[in-house]
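Shown next, in structure tokens, is the structure this report addresses.
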Amino acid sequence: MKGFFSVALALAIIALLLFVNVSSERNATILRETKSTLIEAESANMQRTVLENNTDRIIFEMLLAQALIKNFNSDLAKSAINKRLELYLKGKATLSSPIEEKEISEKNLNYNSSVMIVYLKGVTYAEYSFTGGNLRNMLVRKRFGENFGVEFLIPAGYTMRVAK
């Protein structure tokens, strides 16, 4: 009888150790997958931040340049800004609405944005607005990753202002 309990106890301990080992291996796999997903999400977040910062910088610098040269022709200023945006965003983002997706182009950006440059009391005030078109439903978009919701957006209503 004593030998039977010893063998049963030894088998129970071995079964418990195997269960702990399998659980530990499963947890390690889940941890590796989670770390991998987090690294992907952080990379996507960095790419989104770079797109946002560069887009803001391009619009700011081009708007400031138009204000400094006192280019009061809004259409020419808008075309200059949107041409530069097209060069940067083409292939990186699309112009999207709930029902369609278009390639980024100067023409599409011109249709969906406006520029105002005014000189008043010694100050040049310039403003770039992404209007989103007549229905305000167009936006510049780039989605990152499949398992998480990181995306770059220039939404309808985006505005950059400069006073010089």
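Here are some notes:
- Region 65-137: C-alpha gyration tensor shape, a/c 1.5 cut-off, then a/b vs b/c: prolate
- About the Cα centre, charge dipole magnitude for the chain (Lys/Arg +1, Asp/Glu -1 at Cβ), debye: 340
- Ascending count of other beta-carbon atoms within 10 Å, so fewest first, for Asp75, Asp56: Asp75, Asp56
- Relative contact order, percent, region 2-163 [alpha-carbon distance under 8 Å, six or more residues apart]: 22
- For the peptides 77-86, 125-134, the ranking by mean Cβ contacts within 10 Å, running from highest to lowest, is 77-86, 125-134.
- Between helix 2-68 and the chain there is an angle of about 10 degrees, using the helix long axis and the longest principal axis of the Cα atoms.
- The chain, helix-only ellipticity at 222 nm - DSSP H runs n ≥ 4, -39,500 (n - 2.57), divided by all residues, nearest 500: -19500 deg cm²/dmol
- Tensor-based shape of region 13-62 (alpha-carbon gyration tensor, a/c under 1.5 rounded, otherwise prolate or oblate): prolate
- Lysine pairs in region 2-163 whose alpha-carbon atoms fall under 27 angstrom of each other, counting only those eight or more residues apart or on distinct chains, come to 24.
- Choice from Ser24, Ser96, Ser113 showing the highest fluctuation, given a GNM over the chain with Cα pairs closer than 10 Å: Ser24
- For Cα Rg over 2.2 N^0.38 Å, the candidate list reads [x] 3.11; [y] 1.85; [z] 1.02; the entry that matches the value derived from this model is [y].
Readers should treat all values here as calculations from the given coordinates under stated rules, not as data from a laboratory. This one's a predicted model, so the numbers in the text were calculated from it and none came from an experiment. Cβ sites come from the backbone with ideal geometry, for glycine too, and all protein chains shown count toward neighbours.
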